[in-house]
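Values quoted throughout were computed directly from the atomic coordinates according to the rules given, and no laboratory measurement underlies them. From a predicted model like this one, the values you see are computed outputs, not experimental measurements. All Cβ positions, even for glycine, are placed from backbone atoms using ideal geometry, and neighbour counts span all protein chains on display.
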Amino acid sequence: MKRNQLLPALAIAAIAGLAQGATIDFSHPTQTQAVGSVTAAKMVFGTGSFSITAYGFDDSNHHVSLFAKCCSFDETGLGIKNENDHEISNDFYVQLDLGSIIDAGIKNLSLTFQSVQSGEGYAVYGSNTLGSMGSKLLLSGSLDRAAVSLPQLGPYKYVSITAMGGNDCSPSDILISSAASTTLSVSSVPEPATYAMMGCGMLLLGCARRKRLS
């Protein structure tokens, strides 16, 4: 690539880095209370401003241990340790703390679920209290391994996920597979390195323009 082509390309790449998407894999926690274990009362996923803390509760709002299924399992994601197949049933919910990503200015978030069989589904509720599932239904569905978007971020610090469907003999059970943001706002990464990246991008564009004019 010629130099007069390289400069604009580098500039565009630098600025584009500000709007890259990000994904959290709920089968691989970055921090747990039991380091090195896939079982813990609290798990942290992601890094920096794009991170989510997860908690497990039963339908009486008592803390229960989470289970991050990975590697050797056919279906992977976040569930409940003592439930069938270590998944989330109708009698439990996983609560995700979205405070970090909301504070970072991230505007959109989608969730993906696994192990959603015929007759099963999931429900996502909004809450501002840890240990309370909340009464505002944000979304529900039965799509397996397909991203579904939360309608909005901001009004609720927490989202609570539980299973729907099934019956007493065969309760529904699901996994939270991943969370993703398709675009991040500039304010979502306000570290000095980000502003330096933006400055370099603008400088490179300016140099390229002067080269063309001279």
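Details
- Between Asp59 and Ala147, full extension at 0.36 nm per residue minus the direct alpha carbon distance yields a gain of 29.1 nm.
- Residue list for the range 117-136, given a label point 7 angstrom along the Cα-to-Cβ vector of Cys169 and an amide N cut-off under 20 Å: 117-121
- Most to least packed among 97-103, 24-30, 144-150 [average Cβ atoms within 10 Å]: 24-30, 97-103, 144-150
- The Cα atoms of the range 79-121 cover 36, 22, 13 Å along the three principal axes, with the biggest extent listed first.
- Members of Lys42/Lys69; Lys81/Lys136; Lys69/Lys107 lying beyond 21 Å, as alpha-carbon distances in this model show: Lys81/Lys136; Lys69/Lys107
- Shape analysis of the range 47-182 based on the Cα gyration tensor places the equivalent ellipsoid semi-axes at 22, 16, 15 Å, largest first.
- Added length on full extension, which subtracts the Cα-Cα distance from 0.36 nm per residue, Asp91 to Asp103: 1.2 nm
- Placing unit charges on the Cβ atoms only, positive for Lys and Arg and negative for Asp and Glu, gives the range 64-124 a dipole magnitude near 220 debye about its Cα centre.
- Listed peptides 40-47, 134-141, 116-123, 174-181 appear in the order 174-181, 40-47, 116-123, 134-141 once ranked by packing, highest mean of other Cβ atoms within 10 Å at the front.
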